[in-house]
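Participant: Starting off with a structure, shown below.
Nothing in this text is a laboratory measurement; each read-out follows from the coordinates by a stated rule. Owing to the predicted nature of the structure, the values given are computational and were not obtained by experimental measurement. Cβ placement follows ideal geometry from the backbone for every residue including glycine, while neighbour counts extend to all protein chains displayed.
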Amino acid sequence: MELHPLSLACFLATILFLFLNPHCEAQLLPTFYDQTCPNALTTIRSVIRTAISRERRMAASLIRLHFHDCFVQGCDASILLDAVPPLTSEKNAPQNFESARGFNVIDDVKSRVENICPGVVSCADILAVAARDASVAVGGPSWAVKLGRRDSTTASQSQATMDLPGLFDDLNTLISSFSRRGLNARDLVALSGAHTIGQAGCGTFRFRIYNGTNIDANFVSTRRRSCPSIGGDRNLAALDLVTPNSFDNNYYKNLIQRKGLLESDQVLFSGGSTNNIVTEYSNNRDSFYSDFAAAMVKMGDVGPPLTGSAGQIRKICSAIN
Ligand code: HEM
Ligand SMILES: *[C@@H]1O[C@H](CO)[C@@H](O)[C@H](O)[C@H]1NC(C)=O
């Protein structure tokens, strides 16, 4: 396998000093599986495409899974682990419970990839590739996914509850949550643009349509029709009311019209420091696309991911080996 110049330098330094040089984290590389599983990427793509052609919303669900994975312990597929005491599952954190979805599709991808290259491709990398393929499948941007992550042997429901953004986080809280992970305010605004597709349950936007501010009156009455003030928590509404199934920059146009569905959406355009970024993306689809792609690559580096001999390559994504 071809060595990245930096990994070669680290390798030599490690031999020289006979201990692991803490300054060289193994690099993720788009070519990581080129020799060890040359058909990995095409196999993943074909399963993802089929799943999305069956159900368009699956694209949204898969992009969200990668985000929720990376924000808790880094991008290590910790979100995929089922609860086996004493391990608690991130799936049961309130931000995921009865809401995170797409696990079956990831399991399906994993079993297909295990058939061609057993024990080689990590679940964490599958999540990252699935997110990119999902974006492309619904008209969003593409990017080269860096690979070589390994899977965690741990997960924690309480950690996920603390680490995933909350429904009522204000702008500064969101900015600092992203900045702790090496993502700046532009990345926050670009990544939130994933809400150009997918759906949210009434329980997540009820407060906003009954007691929220900075919201369009017609939008309020439309959304109240399928979201009563009590009950119906899982009644779904599109995050982007205009083009719910296409990846585009309508999300930002909605925010300018005060038609953001979630508090965390509208807070990006409510007079604060991110207003001008929202305006820019609403006027310039290409600038949103290229920033979204770059921010997804950055998000894939959160952790930093487990590499080398850390963690493991799970045989099935929902359980440790
Ligand atoms: C900035 C803080 C964020 C908050 C507070 C937030 C919150 C939420 C909530 C409450 C939902 C609806 C869940 C449900 O009712 O089932 C949702 C859906 C979604 N989120 Fe976010 N989100 C944030 C950022 C992001 C980011 C950065 C991404 C991806 C890069 C993302 C991707 C998605 C997608 C695609 C959906 C739709 C999922 C589906 O239809 O299955 N979100 N988000
Ligand atoms: C809205 O505010 C009123 C008055 O404070 C309160 O009684 C009601 O429960 C709130 N509704 C929602 C959906 O938050």
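Participant: Just want the ordering: V72, V242, from fewest to most Cβ atoms lying within 10 Å of their own Cβ.
Facilitator: Ranking V72, V242 by Cβ neighbours within 10 Å, fewest first, gives V242, V72.
Participant: Sticking with this structure for a sec: Does anyone have the angle between helix 285-299 and the longest principal axis of the chain? Alpha-carbon axes, 0 to 90°, nearest 10?
Facilitator: On a 0 to 90 degree scale, this one is about 50.
Participant: Using only the alpha-carbon atoms of the range 40-164, report the extent along each of the three principal axes, biggest first, to the nearest angstrom.
Facilitator: Per principal axis, max minus min of the Cα coordinates gives 36, 30, 23 Å.
Participant: Moving on to the next point. Among rounded, prolate and oblate, which fits the range 171-297 when a ≥ b ≥ c are the square roots of the eigenvalues of its C-alpha gyration tensor, a/c under 1.5 means rounded, and a/b larger than b/c means prolate?
Facilitator: Here the range 171-297 falls in the prolate category.
Participant: If we count every other residue with Cβ under 11 angstrom of G198's Cβ, Lys/Arg +1 and Asp/Glu -1, where does the sum land?
Facilitator: +3
Participant: Moving on to the next point. Quick check: the angle from helix 5-17's long axis to the longest principal axis of the chain, C-alpha only, nearest 10 degrees?
Facilitator: Helix 5-17 sits roughly 50 degrees off the main axis of the chain.
Participant: Ok, one more. Could you give P(r) for the chain, binned at 20 Å from zero, as whole percent values over all Cα-Cα pairs?
Facilitator: Values per bin, smallest distances first: 32, 57, 11, 0.
Participant: Classify the range 30-102 as rounded, prolate or oblate from the Cα gyration tensor: take a ≥ b ≥ c as the square roots of its eigenvalues, call it rounded if a/c is under 1.5, otherwise prolate when a/b beats b/c and oblate if not.
Facilitator: Note, shape of the range 30-102 comes out oblate.
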